[in-house]
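The values are calculated or read from the model by the stated rules, or taken from the named source; none is laboratory data. The structure displayed is predicted, hence computed values, not measured ones. Neighbour counts are summed over all protein chains in view; Cβ atoms, including those assigned to glycine, are modelled from backbone coordinates with ideal geometry.
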Amino acid sequence: MISTAKNRKTFGGFILGTLLVLAITCSNPMYGQANFDKTKSTQSNIPDSIKVILKRNQCIACHREKDPLVGPSFEQIAKKEYSSQQLLKLIRTPQTSNWPGYPPMPPVKSITEEEVNNLAIWIMTLNKS
């Protein structure tokens, strides 16, 4: 009985945290929708083929090219120099330990290996260090 109550408490905390992140991002019109028109000045360097991938997989709801949002920016991700395979694993089975200080990322199981390869190639162009 104790473990069931503990599980409900943990699950409740997860749901509350998720709702809080959604409330914060969705209440701000700049972040609420995956809409590149509203953020044209900060997203203008993203190639159209990459924008399609980011929109389809809802990446842009939490990530931006230069500035952190809910998750790290793509420039911050580039500095980690992840391989395509590492990036695929991080996207499909994210671990909070990879990005401390950010809320947990939900897994994106629908992204294809080809899409991740294209993202990885583009992300590496952002590594200016």
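Hey, does region 43-51 have a residue that's among the charged types (D, E, K, R), at pLDDT 95 or above, under 20 Å from Asn127 (Cα atoms) and part of a helix (DSSP H, G or I)?
yes
Being over 18 Å from Asn45 (Cβ atoms) and in contact (Cβ under 8 Å) with a residue 60 or more places away in the chain is the filter here; which residues of region 56-105 pass it?
If we filter region 56-105 for residues that are over 18 Å from Asn45 (Cβ atoms), which is where we start, we get 56-58, 61-62, 70-71, 80-105.
Across region 56-105, the qualifying residues are Pro103, Pro104.
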Residues located in region 66-120, provided they are surrounded by fewer than 16 Cβ atoms within 10 Å (Cβ to Cβ) and among the hydroxyl-bearing types (Ser, Thr, Tyr): Ser83, Thr93, Thr96, Ser97, Ser110, Thr112
Can you name the residue in region 73-105 that is in contact with a Cys (Cβ under 9 Å, 6 or more places away or on another chain) and assigned to a loop (DSSP other than H, G, I, E, B) and, of all such residues, is nearest to Ser49 (Cα to Cα)? Met105
